[in-house]
Amino acid sequence: MTKRPVPLARPTRTAFFNDCVTSAMADIAAVAPDALRDVIVGVEEVPHLNVAWSGDRVPLSAALEPGRGRKAQIVIFERPLEHRAGSRAQLRDLVHQTIVEQLSALTGRSIEELGGEPGWDD
């Protein structure tokens with residue numbers, strides 16, 4: 001992962017989360033330059049009810065296949081990811097791995113090829 005300079009002031013929760021997403025995308029682009037082509041990555045605070053999930057675990061993200069006139073989409077859910085991470089460093093890693101997993105599912109590329117770690121959530 002790319003090292004970032006230390007900021008003078010601690011960023012807000014939202015600014016830090018957005019930086020995690022931007023950093024993850026830059027790291028993925030560095031190892032697989034064309035992997036994010038035709039894929040839109042967005043952030044929502046929480047999953048909406050129209051996102052299917054079951055059981056006790058709230059989804060951390062969602063991936064939508066491309067449709068007629070629509071690019072593939074990855075949606076990262078900010079609050080569930082923050083809740084799951086124990087620190088900002090863990091959050092940065094979790095955001096990266098979550099985007100990699102969803103991108104792998106959409107593109108058929110391996111997690112390793114996209115710069116992720118296999119079995120990270122076992």
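Residue-wise test of (1) of a type in the set (A, V, I, L, M); (2) closer than 20 Å to Ala15 by Cβ.
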position	(1), (2)
Val58	yes, no
Gly69	no, no
Arg79	no, yes
Arg84	no, yes
His96	no, yes
Val100	yes, no
Gly108	no, no
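Looking only at residues in the stretch 85-117 that are more than 15 Å from Ala30 (Cα to Cα) and acidic (Asp, Glu), which one is most open to solvent (accessible area, probe 1.4 Å)?
It comes out as Glu117.
Starting from the stretch 78-107, take each residue that is on the phi > 0 side of the Ramachandran plot and list its partners that are open to solvent by 70 Å² or more (accessible area, probe 1.4 Å), counting only C-beta distances under 7 angstrom and pairs at least six apart or across chains.
Hits for this filter: zero, empty list.
Could you say whether any residue in the stretch 5-13 is over 15 Å from Val100 (Cα atoms), surrounded by 15 or more Cβ atoms within 10 Å (Cβ to Cβ) and at pLDDT below 95?
no
Looking only at the stretch 15-49, count how many residues are β-branched (Val, Ile, Thr), open to solvent by 50 Å² or more (accessible area, probe 1.4 Å) and either closer than 14 Å to Gln73 by Cβ or free of Cβ contacts under 8 Å to residues at least 60 places away in the same chain (or both).
Number of matching residues: 4.
The values are calculated or read from the model by the stated rules, or taken from the named source; none is laboratory data. Remember, predicted model here, so these are calculated numbers, not experimental data. When we count neighbours, we look across all protein chains shown, and the Cβ atoms used for this are built from the backbone with ideal geometry, even at glycine. When the accessible area is computed, the model is the full protein with side chains, heavy atoms only, and any ligands, DNA or RNA have been set aside. Shrake-Rupley method; radii C 1.70, N 1.55, O 1.52, S 1.80 Å.
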